[in-house]
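Remarks on the structure that follows.
Coordinate-derived values only; no laboratory data. All of these numbers come straight from a predicted model, not from anything done at the bench. Note: ideal-geometry Cβ built from the backbone for every residue, glycine included; neighbour counts use all protein chains shown.
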Amino acid sequence: MASALESVSSDSRNAIEAFVTQYTALNEEWAAFHGDYDGWRSTEGGCNRTKAVQALGGFAIRASELSGDVRDLPRATFLRPLGELMVEAAEREEGALKELRTSWRPFDPQVFQTLDRQRNTSGKLKRQVALGIQELLESYGIASSASGS
């Protein structure tokens, strides 16, 4: 019985460590994505509608790829709620970016409101995941190498 419990605990630790590793990498990629988008937005998309729509298309593709990567997080039963929060966060941004691509107009700050709102909500969801990860790391006695934010 003790060896079975140890095996389950070991499997759980491994699942948590895999989740944290992928979660940390995703957060780094997500932060870089936000940096690129924020840089593009600060120039009003270069005021060239064609290039701006193409750039937004590129952001939408990257957001879709991030959503796919988020869906690939480990799916152990006890990690599923954290994974679902990440999926919701990614899907909110992805949908808002697709909407922005079709509604973008130069020098109209209102077109960014939906994406800004979804990014804020996404950030809250990701902070909830970070707290959940921290609790799991502590309860399993795993050193927090990088739990991202």
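How tilted is helix 2-42 with respect to the longest principal axis of the chain? Cα atoms for both, answer in degrees (0 to 90, nearest 10).
The angle comes out at about 10 degrees.
Taking Cα centroids, how far is the stretch 57-101 from the stretch 110-128 in Å?
Computed from Cα coordinates, the inter-centre distance equals 13 Å.
Taking the simple approach of a point 7 Å from Cα along Cα-to-Cβ for both residue 128 and residue 143, what is their distance in nm?
My value for the distance between the label points is 3.2 nm.
What are the ³J(HN,Hα) values, in whole Hz, obtained from phi via the Karplus relation 6.51 cos²θ - 1.76 cosθ + 1.60 with θ = phi - 60°, for each residue of the stretch 127-143 in sequence order, with x given for Gly and Pro?
After applying 6.51 cos²θ - 1.76 cosθ + 1.60, I find 5, 4, 5, 4, 5, x, 5, 4, 4, 5, 4, 5, 5, 9, x, 9, 5 Hz.
Sorted from largest down, give the three principal axis spans of the alpha carbons of the stretch 2-139, whole angstrom values.
66, 21, 19
What does the extension gain come out to for residue 103 and residue 78, with contour length at 0.36 nm per residue minus their alpha carbon separation?
Numbers: separation 25, 0.36 × 25 = 9.00 nm, distance 3.96 nm.
Difference between extended and current length: 5.0 nm.
Residue 116 to residue 69: FRET efficiency via 1/(1 + (r/R0)^6), r the Cβ-Cβ distance, R0 30 Å, to the nearest 0.05? Working shown, then result.
Values: r = 23 Å, r/R0 = 0.76.
The value I calculate is 0.85.
Can you list the aspartates and glutamates whose alpha carbon sits under 12 Å from that of residue 124, skipping same-chain ones fewer than 8 residues off?
In chain and number order, the partners are 88.
At 7 Å along Cα-to-Cβ for each site, give me the label-to-label distance between residue 28 and residue 51 in nm.
Each label point lies 7 Å from its Cα, and together they span 3.1 nm.
Once you've got the GNM for the chain with C-alpha springs shorter than 10 Å, pick whichever of 119, 41, 101 has the biggest mean-square fluctuation.
Comparing 119, 41, 101 in the GNM, the peak value goes to 41.
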